[in-house]
Amino acid sequence: MKRLQTTDTVLMVRPARFGFNEETAGNNYFQKKEEGEHVAIKALNEFDNYVQLLRANGVRVIIIQDTPEPYTPDSIFPNNWFSTHCTGELVFYPMLAENRQLERKHQAVNMLSLMPGVKKTINLTDWEKRGKFLEGTGSMILDRVHRVLFACRSPRTDEEVLAKFCQELNYEYILFDSVDSHGRPIYHTNVMMCIASRYVVICMDSIPDAVDRRVLRACFRSSGREIIEITQEQVDHFAGNMLAVHNENGESILLMSRAAYQSLRSDQLQKLEAYSKILAPDLTTIEQNGGGSARCMVAELFLDVDNEVAEEGLSFIFE
């Protein structure tokens with residue numbers, strides 16, 4: 001089976017009660033609380049516009065409509081609680097915040113488990129009882145072609161759980177430290193790094209250890225990818241939170257927010273646009289209150305999704 005780095009089909013969760021999550025704010029320094037009931041409405045508008053942009057550019061989107069109860073303010077970021085793989089694995093992950101654990105609502109879990117192409121379900125959620133966490137493709141950046149994953153240490157990324165994932169899916173892993181512009185540990189690897197088919201976007205300045213930087217550069221070069229570096233200031237504008245996908249015609253597309261796009265220099269954009277078409281929706285409300293951006297909102301589907309389901313843009317509404 002040919003391994004692809006990107007997919008043309010994604011799953012997104014339309015929030016029911018989006019808002020600032022007090023439980024995650026302790027180590028997600030991107031979050032900034034905005035007062036007022038209008039926050040949830042503005043977030044819904046940003047979500048719907050993002051979906052429309054993806055579909056207009058040939059990316060298939062399946063939507064799950066979240067439920068008001070139980071209260072899950074971060075449900076808009078589904079990539080942290082599950083992942084899918086072209087070899088047929090469906091993985092469920094242990095998450096640090098208790099109200100994020102509730103995002104694994106049984107209707108959504110059942111829907112994913114019954115999708116065509118699921119050959120094996122790997123449930124890592126029992127690690128929560130031991131206080132050990134691994135928050136999906138937030139914690140891990142996957143080189144799906146070469147089966148190597150990259151992760152920065154944090155309370156949300158435990159090496160023991162990481163090793164278990166690698167054992168189950170036959171991956172190697174490279175673990176390193178990464179800090180933000182104030183020297184604080186970066187909570188999720190996907191805010192400082194993105195791997196596409198032919199290039200890597202990464203903030204090397206966030207990695208204090210010179211040996212770690214050399215190892216990463218060597219890995220990326222051996223895979224034939226160009227290294228496109230971003231700065232700490234650009235990370236603060238979510239420039240690391242990108243995701244490469246492709247559309248129905250096989251065209252490479254890079255997802256990032258408008259804030260991320262506007263933070264990039266012309267030479268960086270020129271390099272990226274040589275490989276991919278850039279889509280950059282306005283996600284200001286979601287970024288500010290949720291502390292996540294364009295990549296966090298999208299869970300890649302590498303399973304066999306029914307064409308009619310995808311083409312109709314089916315939404316699943318669970319009561």
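The values are calculated or read from the model by the stated rules, or taken from the named source; none is laboratory data. Just so you know, these numbers come straight off a predicted model, no measurement behind them. Methodologically, a virtual Cβ is constructed for each residue, glycine included, from the backbone with ideal geometry; neighbour enumeration extends over all protein chains shown. Protein only, heavy atoms only, side chains kept; ligands, DNA and RNA dropped before computing areas. Shrake-Rupley method; radii C 1.70, N 1.55, O 1.52, S 1.80 Å.
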- line: Along the dipole axis of the chain (charges at Cβ: +1 for Lys and Arg, -1 for Asp and Glu; origin at the Cα centre), the most positive-end residue among 201, 127, 110 is 201
- prompt: Using +1 on the beta carbon of Lys and Arg, -1 on that of Asp and Glu, and nothing else charged, what's the dipole of the chain about the Cα centre, debye to 20?
  reply: 840
- prompt: For the chain, which whole percent of the accessible surface, found with a 1.4 angstrom probe, sits on carbon and sulfur atoms?
  reply: 47
message: Quick check: convex hull over the Cα atoms of the range 74-161, volume per residue in Å³, rounded to an integer?
response: 99
message: Let me check I've understood the local charge: for residue 78, count other residues with C-beta under 13 angstrom from its C-beta, Lys and Arg +1, Asp and Glu -1. What total comes out?
response: 0
task: Report, please, the projected area of the range 257-300 averaged over directions, based on the convex hull of its C-alpha atoms, in nm².
output: 3.4
task: Determine the shape class of the range 68-116: with a ≥ b ≥ c the square roots of the Cα gyration tensor eigenvalues, call it rounded for a/c under 1.5, and otherwise prolate if a/b is greater than b/c, oblate otherwise.
output: prolate
field: Accessible area of the chain divided out per residue, in Å², using a probe of 1.4 angstrom
entry: 41
- prompt: Say the dipole of the range 174-262 comes from +1 at the beta carbon of Lys and Arg and -1 at that of Asp and Glu; which of 216, 246, 256 then lies farthest toward its positive end?
  reply: 216
message: What FRET efficiency comes out for residue 221 versus residue 107 if R0 is 30 angstrom and r is the Cβ-Cβ distance? Round to the nearest 0.05.
response: 0.10
task: Jot down the per residue volume, in cubic angstrom and as a whole number, of the convex hull over the alpha-carbon atoms of the range 163-319.
output: 167
- prompt: How long, wide and thick is the range 131-173, going by the Cα atoms along their three principal axes, in whole angstroms, largest first?
  reply: 30, 17, 13
task: Wrap a convex hull around the Cα atoms of the chain, take a quarter of its surface area, and give that in square nanometres.
output: 14.9
task: Evaluate the Debye formula for the range 118-220 with equal point scatterers sitting on the alpha carbons, no solvent, and hand back log10 of I(q)/I(0) at q = 0.14 Å⁻¹, in q order, two decimals.
output: -0.53
- request: Could you pull the Rg and Dmax for the range 46-202, using just the Cα atoms, both in Å?
  value: 15.9, 45
task: Would you mind checking the pairs 2/42; 2/164; 119/277; 42/277; 2/271; 105/271 and listing those with alpha carbons more than 31 angstrom apart?
output: 2/42; 119/277; 105/271
